[in-house]
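For reference, the structure discussed in these notes is given below.
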Amino acid sequence: MIKVEQLHKSFGTNEVLKDISLEIKKGDVVAIIGPSGSGKSTLLRCINLLETPTQGNIFIDDQNVTTINNRNMIKIREKVGMVFQHFHLFPHKTVLENLTYAPVKVKNKTKQEAVQIADELLKRVGLSEKAEAYPSRLSGGQKQRVAIARALAMEPDYLLFDEPTSALDPEMVKEVLDVMMDLAKQGMTMAVVTHEMGFARMVADKVIFMDKGQILEVAPPEEFFSHPKTDRAKDFLEKVL
Ligand code: ADP
Ligand code: MG
């Protein structure tokens, strides 16, 4: 499980996370929503050790990752996969190479093992026929499905998604959400920053609403979407729904 305790993060004098505490239990899908600039990406980046917290603790499977050495940091990064808004694929590698690179390099898989896992994952995201293609030849939706497959190739225990569909043309949103829904059904533990309220409502076990660096509400989706407690959440939902 992931546990965040009284997390603070400042950039210079700008405190962008203020006393954030939350839990993501094994098998949970947590949707993190809130206006732009509220600190959602920074929160995910702290959990994935891409940012260093100013104060507070983050535990991943009972290991305090805020006081971690480099070797353990690599292990934690293997456990916690991340999918970004802008895909971040390796442009000069084929789809297959994108999926096999880190498992061979970091997880010491043989090339053959890595290719076998990659083949299965590409099948799972419906892109077997694109194995030899370069990212530039793919649509946005295909790129994001490759990015998800690449994250899965590391066999993570947790997957963090930062607005995975926000850069996509509308007709490609569904193919990516379908893959994510499938992962959720199979029990993957996921934290998803998203503006897709339909997805949050249908798939999340818990919604976390953030504003200005703070968590204002934590509730099951039914409760959050039908009875938001704060004016800030009501206002936000009126704008996005
Ligand atoms: P969200 O993802 O909810 O839109 P962010 O976490 O990206 O919010 O940003 C929260 C605040 O932190 C914003 O005011 C943003 O400008 C600031 N911020 C984010 N990253 C940095 C950074 N690397 N350096 C300085 N300020 C940053
Ligand atoms: Mg963001």
- For residue 44, indicate whether it is assigned to a helix (DSSP H, G or I), buried (at least 22 other Cβ atoms within 10 Å of the Cβ) and within 14 Å of ligand 2 (Cβ to nearest atom). yes
- Among (1) crowded, with 20+ Cβ neighbours inside 10 Å; (2) within 16 Å of ligand 1 (Cβ to nearest atom), where does residue 149 come up short? (2)
- Message: Just the residues that are closer than 22 Å to residue 146 by Cα, touching a residue at least 40 places away in the same chain (Cβ under 8 Å) and either part of a helix (DSSP H, G or I) or within 16 Å of ligand 1 (Cβ to nearest atom) (or both), please, taken from the range 47-92.
- Response: 48, 78, 79, 82, 83, 84, 85, 86, 88
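Kindly indicate which of 107, 26 is assigned to a loop (DSSP other than H, G, I, E, B), loosely packed, with under 14 Cβ neighbours inside 10 Å and among the charged types (D, E, K, R). Lay out the reasoning, then the answer.
Working: 107 fails: loosely packed, with under 14 Cβ neighbours inside 10 Å.
Residue meeting the stated conditions: 26.
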- Sole residue being in contact with a helix residue (DSSP H, G or I) (Cβ under 7 Å, 6 or more places away or on another chain), in contact (Cβ under 8 Å) with a residue 12 or more places away in the chain and at positive phi, chosen from 39, 34, 27: 34
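Yes or no, residue by residue, for (1) over 17 Å from residue 158 (Cβ atoms); (2) under 17 Å from the mean Cα position of the chain (by Cα); (3) modelled with pLDDT under 95; (4) not small (Gly, Ala, Ser):
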{"site": "36", "(1), (2), (3), (4)": "yes, yes, no, no"}
{"site": "43", "(1), (2), (3), (4)": "no, yes, no, yes"}
{"site": "58", "(1), (2), (3), (4)": "no, yes, no, yes"}
{"site": "62", "(1), (2), (3), (4)": "no, no, yes, yes"}
{"site": "65", "(1), (2), (3), (4)": "no, no, yes, yes"}
{"site": "69", "(1), (2), (3), (4)": "yes, no, yes, yes"}
{"site": "77", "(1), (2), (3), (4)": "no, yes, yes, yes"}
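Taking residue 14 as the residue in question, decide whether it is more than 25 Å from residue 143 (Cβ to Cβ), over 17 Å from the mean Cα position of the chain (by Cα) and within 16 Å of ligand 2 (Cβ to nearest atom). Before the answer, list the steps.
On the way: more than 25 Å from residue 143 (Cβ to Cβ): yes; over 17 Å from the mean Cα position of the chain (by Cα): yes; within 16 Å of ligand 2 (Cβ to nearest atom): yes.
Considered against the rule, which asks whether it is more than 25 Å from residue 143 (Cβ to Cβ), over 17 Å from the mean Cα position of the chain (by Cα) and within 16 Å of ligand 2 (Cβ to nearest atom), residue 14 comes out as yes.
The values are calculated or read from the model by the stated rules, or taken from the named source; none is laboratory data. Note that the structure is predicted; figures quoted are calculated from it, not measured. For neighbour counting, all protein chains shown are included, and Cβ atoms are generated from backbone atoms with ideal geometry for every residue, glycine included.
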